[in-house]
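For reference, the structure is listed below as structure tokens.
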Amino acid sequence: MVPILDLKREYLELKSEVDAALARVLASGAFVGGAEVAALEEELAAYLGVPHVISCGSGTDALVIALRAMGLGPGDEVITTPFTFIATLEAIQHVGARPVLVDIDPRNFNLNPALLEAALTPRTRAILPVHLYGQVAPMGELLNFAQKHGLKVLEDAAQAIGARYCAPGQPPAQAGTLGDAGAFSLYPTKNLGAYGDGGFIATHHPAIAEEARLLAVHGSKERYHHVRPAGYTSRLDSLQAAILRVKLPHLETWNARRRQIAQIYNEHLKNHLQTPCEMPYALHVYHQYTVRHPERDRLAAHLKQQGIGSSVHYPLPAHLQPAYRELAPAGSLPAAEAAAREVLSLPMHPFLEEAQLEAVIRAVQSYA
Ligand SMILES: *Cc1c(COP(=O)(O)O)cnc(C)c1O
């Protein structure tokens, strides 16, 4: 069996370092926040090239808290994509704003900037692009549009830590650091994953950073003094921070291995199905290696029979989910709807072995 992901294998690679880090935290008696969390935030800020990183309880919390820290609330409309993990939409709703869905570019599955204009209303306040599967959305065009119309930009970088946006003539910039703020997830399956839940916000703006820090800890800066209503208990625990500090130095190597695996898949599969399109401006970090095939379900069944794991990200766009039908009628976002019918993610993680890779390629090639 070739699983789509192998987290046990990753732990075994790092076992002695991870075990030592856990023992250090257990002996310290500091379990939430403290030195490990502060050190991780600094290391993440240095890696991403931003002055502020605020850790929190999950990627979903990072989205919610960032939106609130950016001043989004009831009555506001936030433009986003229907083709994402549902947390993107939940976050907009949790702050009392309304998600406005704009269709995707079928080449890269990200927000299509050509369609933004038609979604504008007097209530539009922000754009929330998602860097789906680890490829940065077309940020140049999105940021230009936002600037022209006075909109804020929050990036959902949950799947894209370490991805870069390469504007012509400028040094590559980290995904999640291009807009007003970026929300990241540290969920175990992400490219940088904890062994439990976690997330963080990255931003260049001191005011957003300070507001996010207040909101994440009960609207308070000083213990038992609350300066914001309806705050959260959204913190990263010290064990997770210590584990992530072991893993962060490996992230670039792991992402490079993902890219290498993607190149091998591309070469051998491009005549059999539609392989991912890498945009000229993007350094893709392949959180998922996602192909398209008109008989997606039959292909998945064939792979399963051959012992190859695969997964569908995502079987329904947001507006076809029972809970979100009022956002847009079926048929109105055709690129997202077609993608949901055709996408299939193949095994992808840095510890995939050559023999496993070959087995996946053979199984796809043998699909009649
Ligand atoms: C994983 C993910 C989230 C949510 O992160 P959690 O840490 O699971 O809360 C949000 N958006 C996208 C696109 C994701 O993939």
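Remark: region 239-252, residue by residue, has Karplus-estimated 3J(HN,Hα) of 4, 5, 4, 5, 5, 5, 5, 6, 7, 3, x, 8, 4, 4 Hz, where x stands for each Gly or Pro and the curve is 6.51 cos²θ - 1.76 cosθ + 1.60 at θ = phi - 60°. Gain on full extension, evaluated as 0.36 nm per residue between residue 330 and residue 14 minus their Cα-Cα distance, stands at 109.1 nm. Note that the chain, at 20 °C in a medium of 1.002 mPa s, gets a Stokes-Einstein diffusion coefficient of 101 µm²/s from its Kirkwood radius over C-alpha pairs.
Residue exposure proxy: 52, 94, ordered by other Cβ atoms within 10 angstrom of their Cβ from fewest to most, comes out as 94, 52. Averaging the sequence gap over all C-alpha pairs within less than 8 Å and six or more residues apart, then dividing by the number of residues, gives the chain a relative contact order of 22 percent.
Each peptide in 101-110, 33-42 was scored by the mean count of other Cβ atoms within 10 Å over its residues; highest first, the order is 101-110, 33-42.
Each of 125, 223 has some number of other Cβ atoms within 10 Å of its Cβ, and from fewest to most they run 223, 125.
For the residue pairs 270/304; 15/247; 152/190, the C-alpha atoms sit more than 18 angstrom apart in 270/304; 152/190. Distance from the alpha carbon centroid of region 268-301 to that of region 320-342 works out to 21 angstrom. By the Stokes-Einstein formula, at 1.306 mPa s and 10 °C, region 250-365 with its Kirkwood radius over alpha-carbon pairs has D equal to 103 µm²/s. Computed from label points 7 Å out along Cα-Cβ, the spacing between residue 304 and residue 120 is 4.7 nm. Using a cutoff of 8 angstrom between alpha carbon atoms and counting only pairs six or more residues apart, the relative contact order for region 181-253 works out to 26 percent. Between residue 52 and 203, the built amide H atoms are under 5 Å apart, and every one of these is 5 or more places off in sequence or on another chain. Extension gain, residue 148 to residue 358: 0.36 nm times the residue separation minus the Cα-Cα distance gives 70.7 nm. Bridge orientation summary for the chain: considering DSSP beta bridges with both residues in this region, about 60 percent are antiparallel.
Bear in mind that the values in this text are calculations on the coordinates, not laboratory data. Every value quoted in this text rests on a predicted model; they were computed, and no experiment measured them. Because the Cβ atoms are built from the backbone with ideal geometry, glycine has one as well, and the counts that use them run over all protein chains shown.
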